[in-house]
Amino acid sequence: MDEQAAQIDLAAIGEDVPLLEGIRTARAIRRLRKDPVPPGLVRKVCEAGTFAPSGGNRQPWIFVAVTTPDGRAFVAERYRRAFHAYIAPALEAAKDPAFPEERRRNIRAALHLADHLAEAPVHLFVAGWTRRGEAQTQALFPAIQNVLLACRAVGLGASLTTVHRAFGGEIDAWLGLPRDCPSCALLPIGWPLGRYGRPPRRPVEECLFFERYEQRSPEEP
Ligand SMILES: Cc1cc2nc3c(=O)[nH]c(=O)nc-3n(C[C@H](O)[C@H](O)[C@H](O)COP(=O)(O)O)c2cc1C
C-alpha cells in the first residue's frame, strides 16, 4: 500500500459533503494527477453506483476498472483517435472569433483529457446487460451519475465520456465483456489537478415550467 492510500480512512472519506452542494459542484474534472487511486476508493465510488434505481430493480451494471499502464495505453490510443475525429468540426467552428469562450474552454479541457488519458490512473468502464437484445443505456446513467457524485464527495476528479464507443466492439472484447453486456461509458478518474466548483449552467428559470411548457425564445435550448 502506498503512503497516500495508508492515510485514507475509507469509511469516513466523502461522508461529510452535503448532497446538494456536491451536486452543484460536480463538474467534469479532466485534468488529473498521475498518482494512483487506492482500489478501496474505486470500490467505494462504484458501490455508490450500485445504489442507483433501475427498471424492475434489475441492476444491469458492470464496472470494469482498468488501472495497468499497458491497459490504459490501449484504451487511450483508441480514445484519442475517436475524440480527435469527433471534435474536428467543433475545432473548425471555434476559429470564428464569435465562438463562445466558455465552449472553447470546454473543448480545450476535453482535448487535454483525450491527449493525456493514458496518465489517468483509473479508466472506469460502465457496462450493462442488454434486455431482449436492447442495450439498457438508460438504466446505466443514474448509476454513472452516482459514481460521479461519489467521486466529487471523496475528492476524486472524474468526467463522463462516451466516444470510446467508436471502438466499442474492440474495447469490449478486450475488457472481456460478453456481447450482450456492452460498455456504455468510460469515466477517467484520478486526483484532480484543478478544483471542483460550480459549472456554467442555464438558470433553472429558463428550463422549469409549471403545468405547461411555453417556448420563450426561438433558439431554445
Ligand atoms: C452522454 C454524455 C456523453 C459525454 N461524452 C463525453 C466524451 O466523450 N468526452 C468528453 O470529454 N466529455 C464527454 N461528456 C462530458 C460533457 O462534455 C460535460 O459534461 C459538459 O461539457 C459539462 O462540463 P462541466 O461539468 O465541466 O461544465 C459527455 C457527457 C454526457 C452527458
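The values are calculated or read from the model by the stated rules, or taken from the named source; none is laboratory data. For clarity, every value in this text was computed on a predicted model and none was experimentally measured. When we count neighbours, we look across all protein chains shown, and the Cβ atoms used for this are built from the backbone with ideal geometry, even at glycine.
Numerical summary
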| read-out | value |
| --- | --- |
| Residue within the range 197-213 that is of a type in the set (Ser, Thr, Tyr) and touching a residue at least 60 places away in the same chain (Cβ under 8 Å) present | no |
| Residue that is surrounded by the most Cβ atoms within 10 Å (Cβ to Cβ), among those in the range 115-137 that are assigned to a helix (DSSP H, G or I) and touching a residue at least 60 places away in the same chain (Cβ under 8 Å) | LEU117 |
| Selection count where residues are under 18 Å from THR67 (Cα atoms), among the hydrophobic types (A, V, I, L, M, F, W, C), under 15 Å from the mean Cα position of the chain (by Cα) and in a helix (DSSP H, G or I), scope the range 149-176 | 1 |
| Residue within the range 35-51 that is within 16 Å of the ligand (Cβ to nearest atom), in a helix (DSSP H, G or I), in contact (Cβ under 8 Å) with a residue 24 or more places away in the chain and surrounded by fewer than 19 Cβ atoms within 10 Å (Cβ to Cβ) present | no |
| Test: residue in the range 116-135 that is closer than 20 Å to GLY190 by Cα, within 13 Å of the ligand (Cβ to nearest atom) and over 13 Å from the mean Cα position of the chain (by Cα) | yes |
| All positions within the range 6-18 that are within 18 Å of LEU148 (Cβ to Cβ) and in contact with a Leu (Cβ under 8 Å, 6 or more places away or on another chain) | ILE13 |
| Counted residues, the range 145-177 - those being surrounded by fewer than 21 Cβ atoms within 10 Å (Cβ to Cβ), within 11 Å of the ligand (Cβ to nearest atom) and within 16 Å of GLU47 (Cα to Cα) | 1 |
| Residue list for the range 188-202, filter: small (Gly, Ala, Ser) and not in a loop (DSSP other than H, G, I, E, B) | GLY190 |
| Residue in the range 94-114 that is nearest to the chain's Cα centre (by Cα), counting only those that are away from the ligand (no atom under 14 Å from the Cβ) and loosely packed, with under 11 Cβ neighbours inside 10 Å | LYS95 |
| Qualifying residue in the range 85-94 (condition: within 21 Å of PHE141 (Cβ to Cβ) and modelled with pLDDT of 95 or more) | yes |
